[in-house]
Structures are given as C-alpha cells and as structure tokens.
Amino acid sequence: MATFFGEVVVAPSRAGLDEEEEAREETPEDREIRREIEKKREVEVLWSCAEELLVCSRFVVAIGRNAAAFLSSFILDSVCWEVVGVVKLWNEWCRTSSTTNVLPTDSFCLFYRLISDPTVLLCQCSCYVAEDQQFQWLEKVFGSMQKKGLQVTILSTCPVADYKTQESTLTLVSPFLKALKTKEFQEQVCCPLLEQPNIVRDLPAA
Amino acid sequence: MFIPCDRGGGSAAPDFKGFTLLMPAVSVGNVGQLAIDLVISTLDMTKVGYFYTDCLVPMVGNNPYATAEENSMELSINAEVYSLPSKKLVVLQIRSPFIKNKYRPFCETLLSWVKSSKCARVVLLSSSHAYQRDDEQLLGTPLRYLLTPDLEKAVGGHVKELNWKEMEKVAAYPGISNTEKVLHIPGGGITKLLFTESCSEGIQMAVLLKFCSEGDNIPDAFVLVNYLNEWLQLIKSEVSTSNNSTDPSSQWKIPSSWRLLFGNGLPPALF
C-alpha cells in the first residue's frame, strides 16, 4: 500500500505470519542462535519450601501491576503470609530476579502461602510474561502443585478502551468487573460474565 | 494435542475415521477463519474437544456461537474441534496467530493427528494477497484450488466438472526465463507448508483459497464458503423465487461474535 509520502510498504497482515521467516531455511548458525535465545528466555520457577510438590486447594493469581497492587493493599501482609517461591525470567519488556525483597515498582513474580492454611497460595505477577513464555510459566507453576480439589482465581485488568460494546466506552461507568468461568465452577460469580465479542489474552488466558 | 471434551455419561473419545477435516489457515484477512465460523454457526456443530498447544497465542472468551442466554456461558479458546457426524465432518477452528518459530511444530503435530485419527481428507480454507497477483490472475475468478496427488486421484474428476481454477505456479526467479515453477502463496500463512507436507506424506488435502486484501473481509468469507459449498454441499443452495438465481449467501448464519468487528458505538459528544 502507498503511504502518505508516496513510498510503497507492505501492509501489516492480520495473518500474523512473517513471510521472511517462512521463506528462509534455517542454517546451523540460525539454529544455534535460536537455541541460545530460547535458553535466555527460559522461565525458572524457584520454590523456597522443602516439599517437592506443593499441595494446593486454592490458588489466586494476580496478573499485572493493578491486580498485584490490589493483593498488596487488601490481602497480603507479613504476618499471615510467607513467600514460598519466585519466578525468574527475561524478555524484551522486563527482567525479574530471584530476590523476594521487591519494591512495588519492580517487575516481579512471587508466590505466597497462607501460614494458617498452607494449601492456599497467592501469586503476584507484575512482570510481563511474553507469548512464548506463557505456556512454560503455566506448565512449570502448575507442575509443581499437587492439586487437591483445586480452585483457581485469576485477577487481571484491561483498559476500558479495549472493551467492545454497542455504546461508546466514554459513557461507561468504570472501573467495572467482568468474569469468565469454567463449567466446573459452580459457585456464584460476583459480577456479570464477559460478553462476546470481548476476549481475554496473554497469561490470564493461558 | 487433541483433548476431547468431557460430555459426561462416560463417552469415549470421538471417532473421526473417514471424516473430512475442515480447517482454516491463519491468512490475509482471516478469511479462512471467518468462513469456518460460518460453517460452525450455520450447521450448529457441537464442540467435541480442543487442541492443547503451546504454538498459538493464548486467548479465551465466552461461546462465540451463542444464540441465547443459556448457551452463552461456555468458555472458548484458541483451537477447538467441532463435529457433525451426520455429514462425517469435523472442523478445527483456529482463533489466534502462531507464536514465533512455532508454526512448523504445529503443522507436524497437526498432520500426525490427522493420520492417527484416520481422517479421510483435509480441506484447508485460506487466502492470498490480492496485490501479488500477476496480470492474468487479475482477470476472472479470485478463487483457486489445490489438490494433493492422492486427493486428485479420488476427486479430480468431480472438481473438473465444477470448472474451478487451479492455483498457478510462479517462476522461482521472476524475470529470468527457463526457471522452475514453484508454488507461492503470499499471505497464506501455513497453507504452503501444510500442502507440501501433505503431498509428501500421502495425505489427501485440498486447499481452497481466495485472493483478497485486509479490510472488511466478511464478503470474502461468504464467497469462500459458497465456493466450498459447491463441492461439499454442506447446505442446500435454495433457488430464490424472486430472481430465479441460486444464492446461498442468505442461508449462512452469522455468529453473534461477529458484532462490533470495527469498534464500539460512537460517543454522542462527537457530534
């Protein structure tokens, strides 16, 4: 397509597949580079408790700074909760470390356990987990758990501007809550369900 | 990869032996995916499972084919399988793009699932950049087909009767004469890879594609799904009594999730 200045550029396609990538065969050097990058982008989950598998009946995951701040403000404290794990990862947007002493402005992903009931786990994930790391995060975190009637609650936020509705979002009263639930979740949901055509992406979706 | 839905009553995993697998390529304009949405919605197909894969960007939402309050609450994710045993049809819908470097593993796993589930044939709906057409392709129908050699043997005759146009091969090095001709499907996503792999692995695969550009691709989806219908006869094309023409477009049911494709309502304050 022609742009404002008259030069012709390839329009970004919703197909999402990079043509360059598709056409080129991978050389051994490419393969080596790709492997190195994959190693650098590996997600490491480090648990500080002794057990090989954490028995878990309730798992609350707060994804994104707002949700993480919600947990910090209303739920977490150093008396009732102890840190039991941390995720170490790197991507173009952020790097987390294995330290558990974090500032609210840091990018981090920490796991807490309720001291009075150690089967209740919380996760605060304020760092961005990239597309290629989401599945790994999922498998490594849930793979460390022994699920006992596990109920998972995921908290996250999205910009109101992304919400699709018949009226304009300017007239919407925000913030507002919407939920998605699996059919196995039989309890009452505290807010309306997310209507089509709205969807959830990234780590909360994974 | 394939996880069957638990429908209760202790039902075993669904059997797709001899079925036709219909699936989209994530391609320009998402035309294949839109066409698949029309098929699933119109035939009221039942979800029978999903793909548990790390190759596609995760997404989740409520039932995109909901028709009422009661059926709107089922979760839907990025790769799901629907079936209609009465037509021996199984449909895979893909709802998000591939994660970088993951499209090859996905194709390999998909083709091995096709073989293990003993599907009779695969029909891939796709599209290609309209602006890459050559002078000859600019004229006539924007629809093309491809058949793997194994499927050519089975249905080649029937397809010839439909008067369809086969996708042309292009010179490997344009501008230089006497070069070999290769298949080139720009904007087609995994179409070329799946097709060439199917050729070499003896899988019966057909590709149906339309030349199009990014934009409002709903009309393209209708054209593609009608093209498919000429062959597979999924719905009856009723003859319209008013102008005596066969136009099945009105018989395809648009899913509820196609609402608001181009944004929300406008703020009144704008005017």
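Applying the condition of being among the polar types (S, T, N, Q) and at pLDDT 80 or above to the stretch B:250-263 and asking which residue is surrounded by the fewest Cβ atoms within 10 Å (Cβ to Cβ) yields B:GLN251. Between B:GLU80, B:GLU69, B:GLU74, the distinction of being among the acidic types (Asp, Glu) and modelled with pLDDT of 95 or more belongs to B:GLU80 only. May I ask you to list the residues in the stretch B:210-235 that are closer than 16 Å to B:LEU21 by Cα and not in a helix (DSSP H, G or I)? Of everything in the stretch B:210-235, those that are closer than 16 Å to B:LEU21 by Cα and not in a helix (DSSP H, G or I) turn out to be B:GLN233, B:LEU234. Residues in the stretch B:180-215 that are free of Cβ contacts under 8 Å to residues at least 24 places away in the same chain and more than 14 Å from chain A (Cβ to nearest Cβ) were compared, and the one that is nearest to the chain's Cα centre (by Cα) is B:SER200.
If you go through the stretch A:144-157 and keep only what is modelled with pLDDT of 90 or more and not in a strand (DSSP E or B), you end up with just A:THR157. Note on the stretch A:153-168: residues that are in contact with a Pro (Cβ under 8 Å, 6 or more places away or on another chain) and farther than 23 Å from A:LEU71 by Cα total 2.
If only residues of the stretch A:158-206 that are of a type in the set (D, E, K, R) and outside any loop (DSSP other than H, G, I, E, B) are counted, the one that is nearest to the chain's Cα centre (by Cα) is A:ASP202.
Of the residues making up the stretch B:165-179, just one is within 18 Å of B:VAL123 (Cα to Cα) and free of Cβ contacts under 8 Å to residues at least 24 places away in the same chain, namely B:GLU166. Condition first: surrounded by 14 or more Cβ atoms within 10 Å (Cβ to Cβ), among the polar types (S, T, N, Q) and closer than 29 Å to B:ASP54 by Cβ. Can you find one or more residues in the stretch B:131-141 that meet it? No: zero hits. Remark: A:ARG58 matches the filter, which requires a residue to be of a type in the set (Lys, Arg) and touching a Ser or Thr at 6+ places or on another chain (Cβ under 8 Å). Within the stretch B:85-96, the residues that satisfy the criterion of being within 14 Å of chain A (Cβ to nearest Cβ) and outside any loop (DSSP other than H, G, I, E, B) are B:GLN93, B:ILE94.
The number of residues in the stretch A:85-97 being loosely packed, with under 11 Cβ neighbours inside 10 Å and more than 14 Å from the chain's Cα centre (by Cα) comes to 1.
So that you can scan it fast, the table gives a plain yes or no per residue for (1) crowded, with 20+ Cβ neighbours inside 10 Å; (2) more than 9 Å from chain A (Cβ to nearest Cβ); (3) within 30 Å of A:GLN136 (Cα to Cα):
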residue: B:PHE19; (1), (2), (3): yes, yes, no
residue: B:THR46; (1), (2), (3): no, yes, no
residue: B:ASN71; (1), (2), (3): no, yes, no
residue: B:LEU75; (1), (2), (3): no, no, yes
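Once the stretch B:122-136 is narrowed to residues that are modelled with pLDDT under 95 and more than 17 Å from B:VAL28 (Cα to Cα), the residue that is farthest from the other protein chains (Cβ to nearest Cβ) is B:GLU136. Looking across the stretch A:168-185, the residues that are modelled with pLDDT under 85 and surrounded by 11 or more Cβ atoms within 10 Å (Cβ to Cβ) come down to A:SER168, A:THR169, A:LEU170, A:THR171, A:LEU172. Taking the stretch A:25-76, which residues are farther than 20 Å from A:ILE115 by Cβ and among the aromatic types (Phe, Trp, Tyr)? Within the stretch A:25-76, A:PHE70 is the sole residue that qualifies. Taking the criterion of being modelled with pLDDT of 90 or more and over 16 Å from the mean Cα position of the chain (by Cα), the only residue of the stretch B:216-249 that qualifies is B:ASP216. Residues of the stretch B:44-73 that are charged (D, E, K, R) and out of contact with any strand residue (DSSP E or B) (no Cβ under 7 Å at 6 or more places or on another chain): B:ASP44, B:ASP54, B:GLU69, B:GLU70. When A:LEU177 is tested against (1) within 13 Å of chain B (Cβ to nearest Cβ); (2) out of contact with any Pro (no Cβ under 7 Å at 6 or more places or on another chain), exactly one condition is not met: (1). Annotation: of all residues in the stretch A:186-206 being closer than 16 Å to A:PHE59 by Cβ and facing chain B (nearest Cβ under 10 Å), the one that is surrounded by the fewest Cβ atoms within 10 Å (Cβ to Cβ) is A:PRO204. Please go through the stretch B:97-140 and give me each residue that is touching a residue at least 60 places away in the same chain (Cβ under 8 Å), part of a loop (DSSP other than H, G, I, E, B) and under 30 Å from A:GLN133 (Cβ atoms), ordered by number. Within the stretch B:97-140, B:PRO97 is the sole residue that qualifies.
Residues that are part of a helix (DSSP H, G or I) and among the charged types (D, E, K, R) were ranked within the stretch B:153-207; the one that is farthest from B:SER116 (Cα to Cα) is B:GLU161.
The values are calculated or read from the model by the stated rules, or taken from the named source; none is laboratory data. All figures in this text were calculated on a predicted structure; none of them were measured in a lab. Heads up, the Cβs are rebuilt from the backbone with ideal geometry, glycines too, and the neighbour counts pull from every protein chain shown.
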